[in-house]
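The values are calculated or read from the model by the stated rules, or taken from the named source; none is laboratory data. Source: prediction; values computed, not measured. Cβ placement follows ideal geometry from the backbone for every residue including glycine, while neighbour counts extend to all protein chains displayed. Note: areas computed on protein heavy atoms with side chains; ligands, DNA, RNA excluded. Shrake-Rupley method; radii C 1.70, N 1.55, O 1.52, S 1.80 Å.
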There are 2 protein chains.
Amino acid sequence: MSNDNIQQLVNRYVDVSFSVTKKAEALITEQLGSNLTHDQLYIIRYINRVGSCTSTALAEEFEVKKSAITAIINRLWEKGFIQRTRDEKDRRVVYLTLTEKGEELFWKIDKRIQQLVEGIISQFEPSEIEQFIKTFEKLNHALIEQRDKK
Amino acid sequence: MSNDNIQQLVNRYVDVSFSVTKKAEALITEQLGSNLTHDQLYIIRYINRVGSCTSTALAEEFEVKKSAITAIINRLWEKGFIQRTRDEKDRRVVYLTLTEKGEELFWKIDKRIQQLVEGIISQFEPSEIEQFIKTFEKLNHALIEQRDKK
DNA sequence: TTTAACTATTCAACAATTTAACTATAAGGA
DNA sequence: TCCTTATAGTTAAATTGTTGAATAGTTAAA
């Protein structure tokens with residue numbers, strides 16, 4: 001493939017990826033009110049999915065330092081969305097879980113997102129969506145290999 | 001499509017999109033050294049492409065307030081990567097362009113990104129890439145319609 | 001000419017991030 | 001057991017990006 005072609009593909013990809021992320025987040029912001037930032041929502045979404053996790057796990061998952069997680073968790077804790085529970089066996093470990101208030105907020109937002117997606121997803125064939133996500137996941141693996149290569 | 005299916009697709013999409021962006025930016029960070037942040041690179045990349053633009057145009061393109069652009073441009077200006085030129089016809093307007101130093105930096109980074117992408121893109125059929133980006137662009141348009149709907 | 005609109009900047013406040021230092025706890029070897 | 005090392009999490013300072021409100025300077029319109 002020529003350099004120009006690669007250049008063009010990179011440009012198209014970066015543009016559309018940037019734009020889609022921005023627009024999706026903007027749509028979600030309307031649903032959020034001013035309760036949460038995007039990063040806070042991503043964290044809550046993750047904790048909801050796994051049920052309970054540690055700061056270290058979050059830091060690895062989101063590829064940031066643990067101190068960045070502490071800061072976000074502190075803000076969510078102040079708002080009453082997250083609980084900290086110390087492990088009795090290994091008292092260094094702190095388990096993070098959603099409070100009832102946190103779960104309620106998440107489900108409320110998630111339902112709205114679901115409705116949003118319904119209106120958009122109907123414009124795509126299921127096979128197109130499946131192929132799209134598959135290629136995306138393949139790209140993800142390629143990036144992981146590239147990273148671990150050396 | 002059932003709610004569970006939508007839920008699953010949203011999860012897969014959010015996860016893979018988040019992960020790909022993070023990993024691509026991590027790979028690029030190695031090329032960047034500590035010269036630029038990602039946002040600064042995106043801005044420089046845009047100005048390089050259009051040649052010259054205003055703060056207002058950047059704010060619209062990146063969907064942030066103009067004061068956020070001023071802050072980023074100030075930092076790039078301090079580093080000597082960007083020039084400000086006042087329009088003589090309409091003296092409210094300031095045109096932003098890359099300095100020679102800014103252009104050199106961009107081409108250097110861009111070349112490295114090109115090489116990175118070459119190593120990854122070879123694992124995909126051209127038709128698969130084309131279809132992937134097309135679906136992505138279609139998603140972008142669907143989001144724009146959704147936003148403008150009401 | 002006065003008023004309204006527009007372009008860009010400044011400032012204060014906040015969120016996210018990194019780096020480095022620190023506390024507390026656990027695990028392992030002499 | 002005691003000393004060392006490793007691990008989990010937090011704190012603090014500095015940087016970056018962001019919004020919202022106020023402002024200065026300029027242009028357009030009533």
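Some observations on this one:
- Counting only helices (runs of 4 or more DSSP H) that sit wholly inside region A:61-150, those with at least 2 residues that are at pLDDT below 95 and within 18 Å of residue A:42 (Cβ to Cβ) are A:100-121.
- Some residue of region B:130-148 being touching a residue at least 24 places away in the same chain (Cβ under 8 Å) and closer than 18 Å to residue A:139 by Cβ: no
- Residue match in region A:101-112 (condition: touching a Gly at 6+ places or on another chain (Cβ under 8 Å) and open to solvent by 80 Å² or more (accessible area, probe 1.4 Å)): yes
- Tallying residues that are within 14 Å of chain B (Cβ to nearest Cβ) and either within 10 Å of DNA strand D (Cβ to nearest atom) or open to solvent by less than 70 Å² (accessible area, probe 1.4 Å) (or both) within region A:51-98 yields 7.
- Some residue of region A:143-150 being open to solvent by less than 30 Å² (accessible area, probe 1.4 Å) and within 9 Å of another protein chain (Cβ to nearest Cβ): yes
- Residue in region A:44-51 that is without any contact (Cβ under 8 Å) to a residue 60 or more places away in the chain, within 25 Å of residue A:103 (Cβ to Cβ), basic (Lys, Arg) and in a helix (DSSP H, G or I) present: yes
- For the residues B:56, B:29, B:21, the requirement of being of a type outside the set (Asp, Glu), under 25 Å from residue A:25 (Cβ atoms) and assigned by TED's automatic domain parsing to the domain that holds residue B:132 singles out B:56.
- When B:44, B:113, B:72 are screened for being in contact with a Leu (Cβ under 8 Å, 6 or more places away or on another chain) and β-branched (Val, Ile, Thr), only B:44 passes.
- In region A:113-142, the qualifying residues are those that are of a type outside the set (Gly, Ala, Ser) and over 21 Å from residue B:7 (Cα atoms), and the one that is surrounded by the most Cβ atoms within 10 Å (Cβ to Cβ) is A:139.
- Close pairs from region A:70-85: first in the same structural domain as residue A:52 (by TED's automatic domain parsing), partner of a type in the set (S, T, N, Q) and assigned to a helix (DSSP H, G or I), Cβ under 7 Å, at least 6 apart: A:70/A:55; A:72/A:40; A:73/A:55; A:75/A:40; A:76/A:40
- From A:10, A:20, A:14, residue being within 11 Å of chain B (Cβ to nearest Cβ), in contact with a helix residue (DSSP H, G or I) (Cβ under 7 Å, 6 or more places away or on another chain) and surrounded by fewer than 18 Cβ atoms within 10 Å (Cβ to Cβ): A:10
- Some residue of region A:25-34 being assigned to a loop (DSSP other than H, G, I, E, B), within 11 Å of DNA strand C (Cβ to nearest atom) and surrounded by fewer than 16 Cβ atoms within 10 Å (Cβ to Cβ): yes
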